[in-house]
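Since the structure comes first, as structure tokens, the remarks are kept for the end.
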Amino acid sequence: MNAMQAVRSILFVCHGNICRSPTAEGVMRAKLRAAGLEGKVRVDSAGTHGYHVGEAPDERSAAAAARRGYDLSALRARQVHAADFSSFDLILAADHDNLAVLRQRCPEALRSRLHLMLELVAPGCDVPDPYYGGSRGFEHVLDMLESGCDAWLARIGGERDAAAGGEGLPETGNSC
């Protein structure tokens with residue numbers, strides 16, 4: 001990602017778009033609002049697979065998010081479309097498997113837009129899929145996504161600072 005290229009749009013991607021990616025979308029929307037950037041950065045989520053198209057986020061994801069003040073009620077699952085690769089500046093995959101699917105589908109010239117959600121806080125680490133686990137898994141995923149969104153928001157702020165002649169922000173730690 002070029003530091004001089006301002007991020008105006010972010011797409012969060014997981015497998016079915018009912019747990020991790022809609023939660024990440026909800027977290028980032030709230031963080032952008034708190035940072036005064038609402039309406040300046042477009043945020044969406046999608047799945048690499050179309051199993052749940054049109055469905056609301058998993059009830060457990062929505063409940064865990066709501067306990068922390070994130071509203072996922074308006075979100076509906078959709079599948080990644082070919083146009084997403086050119087219309088989003090930053091495409092963040094929840095894990096290596098979904099990143100591999102995105103790399104296969106993405107035109108080579110746009111692959112620099114593809115990253116892992118936790119790349120800035122825990123390089124090489126995946127956001128685990130909580131779907132088959134208990135409620136503790138959804139809380140753990142929220143912890144990870146809050147950290148990841150904070151780091152990406154700081155990077156976006158750093159890019160805006162760099163474009164204005166400021167210094168950007170340093171990389172963060174790397175433990176899962």
Those residues of region 125-176 which are among the aliphatic types (A, V, I, L, M) and at pLDDT below 85, in sequence order: 162, 163, 164, 169
Take region 15-47 and flag every residue that is in contact (Cβ under 8 Å) with a residue 40 or more places away in the chain, in contact with a strand residue (DSSP E or B) (Cβ under 6 Å, 6 or more places away or on another chain) and polar (S, T, N, Q). 17, 21
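So that you can scan it fast, the table gives a plain yes or no per residue for (1) of a type outside the set (Gly, Ala, Ser); (2) at pLDDT 95 or above:
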{"position": "3", "(1), (2)": "no, no"}
{"position": "6", "(1), (2)": "no, no"}
{"position": "12", "(1), (2)": "yes, yes"}
{"position": "16", "(1), (2)": "no, yes"}
{"position": "31", "(1), (2)": "yes, yes"}
{"position": "39", "(1), (2)": "no, no"}
{"position": "44", "(1), (2)": "yes, yes"}
Quick check, is residue 76 over 14 Å from the mean Cα position of the chain (by Cα), over 16 Å from residue 130 (Cβ atoms), surrounded by fewer than 20 Cβ atoms within 10 Å (Cβ to Cβ) and of a type outside the set (Phe, Trp, Tyr)? yes
Among 62, 66, 24, which is the only one that is aliphatic (A, V, I, L, M) and either touching a Pro at 6+ places or on another chain (Cβ under 6 Å) or crowded, with 24+ Cβ neighbours inside 10 Å (or both)? 24
In region 35-57, which residue that is exposed (fewer than 14 other Cβ atoms within 10 Å of the Cβ) and out of contact with any helix residue (DSSP H, G or I) (no Cβ under 9 Å at 6 or more places or on another chain) is nearest to residue 7 (Cα to Cα)? 36
Return only the number of the condition from (1) in a helix (DSSP H, G or I); (2) touching a helix residue (DSSP H, G or I) at 6+ places or on another chain (Cβ under 6 Å) that residue 30 does not satisfy. (2)
I'd like to check something: does region 94-112 contain any residue that is out of contact with any Gly (no Cβ under 8 Å at 6 or more places or on another chain) and closer than 15 Å to residue 29 by Cα? no
Residues that are buried (at least 19 other Cβ atoms within 10 Å of the Cβ), touching a residue at least 40 places away in the same chain (Cβ under 8 Å) and in contact with a His (Cβ under 9 Å, 6 or more places away or on another chain), drawn from region 81-121: 90, 91, 92, 93, 94, 95, 98
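The values are calculated or read from the model by the stated rules, or taken from the named source; none is laboratory data. This one's a predicted model, so the numbers in the text were calculated from it and none came from an experiment. Methodologically, a virtual Cβ is constructed for each residue, glycine included, from the backbone with ideal geometry; neighbour enumeration extends over all protein chains shown.
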